[in-house]
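Encoded as C-alpha cells, the structure appears first; notes follow it.
Read-outs: derived from the displayed coordinates by stated rules, not from any lab. Nothing here was measured: the structure is a model prediction, and the numbers come from that model.
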Amino acid sequence: MIARNWTLKDWAFPLVVLGGAALLAPLPAVAGSYWMALLVNILMYSVLATAWALFSGPTHYVSLATAAFFGLGAYTMAFLGEKLPLPLVYPAAALIGAVVATVVGLSTLRLSGVYFVIFTFGLAELVRQLVTWGEAKFGGTVGRFVFIDVNQQGIFWMLLGLLALVLLVGYAIQRSRLGWALRAIGEDETVARHSGIDTTVSKVAVFVVSATFMTVVGAVMAPRWTYIDPSIAFNPIISFQVLIMALLGGAARLYGPILGVVPLAILFEILQANFPNSFSILLGLTFLVIVYFVPNGVVGLIDQGRDKIARAVGRRPHPAE
Amino acid sequence: MTTRLTPSRRAVVGGIAATTLAAPYVRAQAGAVKIGFSISKTGPNAGGANVTTLPNYQLWLKETNDAGGLKLPGGQRRMVEFVEYDDRSQSEEAVRNIERLVNQDKVDLLFPPWGTAMNLAVAPSFNRGGFPHLASTFFVERQPELVQRWNNMFLFLDRPSTAITALTDLLATLKDKGLGNTVALASVQDQFGLELVSAARAGIAKAGFQVVMDRQYPPGTQDLAPIISEAVRLKPDMFLAFSYPPDTLALTEQARIGGLNPKVFYTAVGTAFPLYKQRFGANAEGVMGIGGVDVTNPKIRDYIARHNRIVGREPDRWASTTTYSTLEVLSQAIERVGLDKAAIIKDIGANSFETILGTIKFDKNQRVDQWWVGQWQQGEFVALAPTKVGGTKAPVFPKPAWPTA
C-alpha cells in the first residue's frame, strides 16, 4: 500500500512547495507595508530554520552557528554590494558561505555533543572578532553602509524563492543516499561508520548546504538595515531564535521548522505590539509553556493527533459490525 | 487582528486621561496627536537610550501636555500621546516597529531611536513615509552624503572630523602655555572610536604633536589597566581616549590609581555624564571630554532644573541637551505650520530656532555650530571649544594632578 503511493508522494511535495510559492508570490500587491514587514520576518526565519534543520534535524548536532553565516552574508553584501552588480553578489555570498562552511566543517565535525554546540557558538564570536579586527586594521572604521536599493517586495520575493529552494534541496537530500546516511549518523554514528558510511563527508556536505542558505539570507537582509556593524550582523539572538523556532516546529520533518516559525513570529509580534515593556518576561513564560506542553514540537502534536484519529477510525468498525 | 487591540485600548485610556487633563484648557481639541517611537529599552543600547533619549521624550511630553497640549498655528492646542515600542537593540525590530507605527498605529509624527546604527536602520522608513527625522544621537563621517539621500533628515551633531578639529585646534593654542608635544591615544574599537581616532591621528600630525602610544580595545573590555600602565611609563603630555561611558569611567579610575598625570586628560562619551562628577568628585576637575554647555545661559540652567525635577536626575551635558533641542525645534516648526509633515520639513530646513543650545540654523540639513570640547570646572561641565560658537570658557591648564585621596 505504502509502496504504491511512493511515486505519487514523490511529486506531491515539490508540487506543493512550488504551488505554495506561486500562491504567496502576489502577496505584495495586496499586503500593506506593515504586513510585508511581518511576512519578511516570517520568511527570513523560515529559511534559516529550515536550513538549520536540514543539518541538525537528522544528525542531532545542535548548531549555534547560524549567526556566523548570516553575518558573513550581510558583510559580503556590505563589501561587494556597491562594487559588483547586485545579481552577482548573492552567488558570491553563497560561495563564501560554502567555502567557510567547508573549512569549519572539516575541522570541527569530529566534535560531537555539547562540544559541538559550544564550538558553533564560539564560531560566531570568532568570525565577529575577525571581522572587527580586519575592519579596524584595514578599513579604518567598523560600521559599513549598505546603500543598495532593494525594497521590501524585492526582499520578500528573494526570501520566498530561497524558501522554496531550501525545501526542494532538503527534499532531494532526504530522498538520496546522503539522507539515509545522515539519519544513520543521527541514530548511532559509530554504527553508521561501521556500516561503511563516510560520516565526515556526509556531515560536511550537508553542513555546507545548510550554511550556504544561511549566508545568502544574510546577504538578502543586509540592505534593509542600511548600516551594519559586527554586533548587528553577528547577533547571537539570531542563532537562538532559529534554534527555538525549529525545535518548536519539529526538526524531524522538512516542513516542521516552518510550523514553528509562523506561530512564534506572530506571537513575538503580538507581544511586541501589545506589551512592549514586558516582552522578555512574557517570552520566557511562553518558552516554558512550550517546552512543558509541546516537547515534541508541532510536528509531534500532528503525529499524535493523526495516531489518535487512526486509532479512533480503526476502532470504529467493531461496534458497527 | 489582535495586534491592534492594545494600541487602540491605550488610545482610549490616553484619550480619557487627555480629556480629563484638558478639561481646564477648553481650547484643546478632541483627538490627541499621536507620536510614535521605537527605542532600545533592553539590550546593549538600553544604557544610552535611558540616559539620553527617553528621559527627554518624557520630559517634553509632560511639559507639553501640562501646558495644554502641542501648539498649532492659530493658537490651538492638542494633547500629545506616545506610542512606544522596544526594539531590543536589534535593527530588524526597529525597522518593523516603525512600519507598525506608521501603518497600524497611524501616528502623526515619529521620534528617532537612540544611536547611529538604529537611526540608519529606520532612516529609509522615515523617508518613505515623509516623516521629519531629527537625529541627535547620530555621529558619522559620511553625513553630507546622507542628508542628500534623505532630505527629511536633520542632523544635530556634526561629523567626527569636526569634533577632532575643535580638539586639536584647542590643544594647539595650549602649546605656548607649556604643553609639550607627546600624545598617548586610546580608542574603543568600533565605528565611533575608530572614526574619531583616525581623524585624531591626522589632526595631531597637523598640529605638530607626536603620537607615542596608540592603543585600541574592543567594546566592553573590562580591564583597561594595561593601557594606563603603558601611558604611565611613557609620561605623555596629553592622554586622549575616544571611549564609551564604561571605559571612560574605568580609564579615569585607573589613571587616578596609577598616577597618570598628563597636562591634558581627555575621555569621550560619558565624561559629560552627571555620574562622572558623582563618581570622581573633586578628581573630575580639569578633565576634558566630548560635549559641554554654556552654563551661564539661563535657558540651560532652567532645563537642567526641570530635567532634575521631572525625570528625577540630571541630564548629561552633551547628547541630552542636543536631544531636547530637537524637540524644541520640532514644536516650534509645528507651531508655525501645523502637523503637515512636508511643511514641517521645509520649515525646519529654512528657518532658525531658539533652543536651550542657542540659535539653531541648519546648513544643508546639518547643524554646524556646536561645542565639541568640554571640561569639568568646579563641578560644572563647561564648553571650551570651538570658541567661534560663543559661550565658551578658557580651559583649566595644565590639568591639576589627581588629588591624593
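Per-residue Karplus couplings for the range A:202-209, computed as 6.51 cos²θ - 1.76 cosθ + 1.60 with θ equal to phi - 60°, are listed in order as 4, 5, 4, 4, 6, 4, 5, 4 Hz, Gly and Pro entered as x. Reported value for the range B:287-386: 103 Å³ per residue, from the convex hull of its C-alpha atoms. The angle between the Cα long axis of helix B:160-173 and the longest principal axis of the Cα atoms of chain B comes to about 40 degrees, rounded to the nearest 10. Dividing the radius of gyration of the alpha carbons in the range B:25-173 by their Kirkwood radius gives 1.03 for Rg/Rh. Scaled against 2.2 N^0.38 Å for its residue count N, the alpha carbon radius of gyration of the range A:71-153 is 1.28.
A viscosity of 1.002 mPa s and a temperature of 20 °C, combined with the Kirkwood radius over Cα pairs in Stokes-Einstein, give a translational diffusion coefficient for the range A:2-320 of 103 µm²/s. Relative to one another, the C-alpha centroids of the range B:374-395 and the range B:228-289 are positioned 17 Å apart. Going by a ≥ b ≥ c, the root eigenvalues of the Cα gyration tensor, does the range A:1-70 fall in the rounded group (a/c under 1.5), the prolate group (a/b larger than b/c) or the oblate group? Oblate, because a/c is 1.5 or more while a/b does not exceed b/c. Each Cα pair under 8 Å and six or more residues apart adds its separation to the average, and for the range A:2-320 the resulting relative contact order is 31 percent. Taking amide H as placed 1.01 Å from N in the peptide plane, B:Val373 has its amide H under 5 Å from the amide H of B:Gly291, B:Leu384, B:Ala385, each at least 5 places away in sequence or on another chain. Close amide H pairs (under 5 Å, H built 1.01 Å from N) link B:Gly115 with B:Thr137, residues at least 5 positions away or on another chain. For chain B, the extents of the C-alpha atoms along the principal axes are 67, 41, 41 Å, listed from largest to smallest.
Given an 8 Å cut-off on Cα distances and at least 6 residues of separation, report the relative contact order of chain B as a percent. With pairs under 8 Å counted, the relative contact order is 16 percent. Taking B:Ile290, B:Ile227, B:Ile164 in turn, the Gaussian network model of chain B (Cα-Cα springs below 10 Å) assigns the largest fluctuation to B:Ile227. Amide H contacts for B:Val211 (H built 1.01 Å from N in the peptide plane; partners 5 or more residues away or on another chain; cut-off under 5 Å): B:Val183.
Note on chain B: with a GNM built from Cα contacts shorter than 10 Å, the maximum mean-square fluctuation among B:Asp302, B:Asp247, B:Asp87 falls on B:Asp302.
Per-residue Karplus couplings for the range B:38-53, computed as 6.51 cos²θ - 1.76 cosθ + 1.60 with θ equal to phi - 60°, are listed in order as 10, 9, 7, 7, 10, x, x, 7, 4, x, x, 4, 7, 8, 9, 9 Hz, Gly and Pro entered as x. Let me make sure I get this right: for the range B:153-236, a, b and c are the square roots of the gyration tensor eigenvalues over alpha carbons, sorted descending. Under 1.5 in a/c it's rounded, otherwise prolate if a/b > b/c, else oblate. Which is it? Oblate, since a/c reaches 1.5 and b/c is not below a/b.
Of the residues B:Pro226, B:Pro144, B:Pro112, the one that moves most in a GNM of chain B with alpha-carbon contacts below 10 Å is B:Pro226.
The alpha carbon radius of gyration of the protein assembly as shown, expressed as a multiple of 2.2 N^0.38 Å, is 1.07.
With contacts taken as Cα pairs under 8 Å and at least 6 residues apart, the range B:311-405 reaches a relative contact order of 15 percent. Post the alpha-carbon centroid distance, the range A:189-264 to the range B:85-148, in whole angstrom. So the two Cα centres are separated by 30 Å. Calculated on the Cα set of the range B:205-325, radius of gyration then Dmax: 16.0, 47 Å. Taking the helices alone, the protein assembly as shown has a mean residue ellipticity at 222 nm of -19000 deg cm²/dmol, built from -39,500 (n - 2.57) per DSSP H run of at least 4 residues and averaged over all its residues. Potential lengthening of the chain between A:Ile118 and A:Glu187 amounts to 22.7 nm, from the contour at 0.36 nm per residue minus the alpha-carbon distance.
Computed 3J(HN,Hα) for the range B:217-231, one whole-Hz value per residue from the Karplus formula 6.51 cos²θ - 1.76 cosθ + 1.60 where θ = phi - 60°, is 9, x, x, x, 4, 8, 9, 9, 4, x, 5, 5, 4, 4, 5, glycine and proline marked x. Projection of the Cα convex hull of the range A:127-196, averaged over all directions and equal to a quarter of that hull's surface, yields 8.7 nm².
Under the shape rule built on the C-alpha gyration tensor, where the axes satisfy a ≥ b ≥ c, the range B:350-398 is prolate, since a/c reaches at least 1.5 and a/b is greater than b/c.
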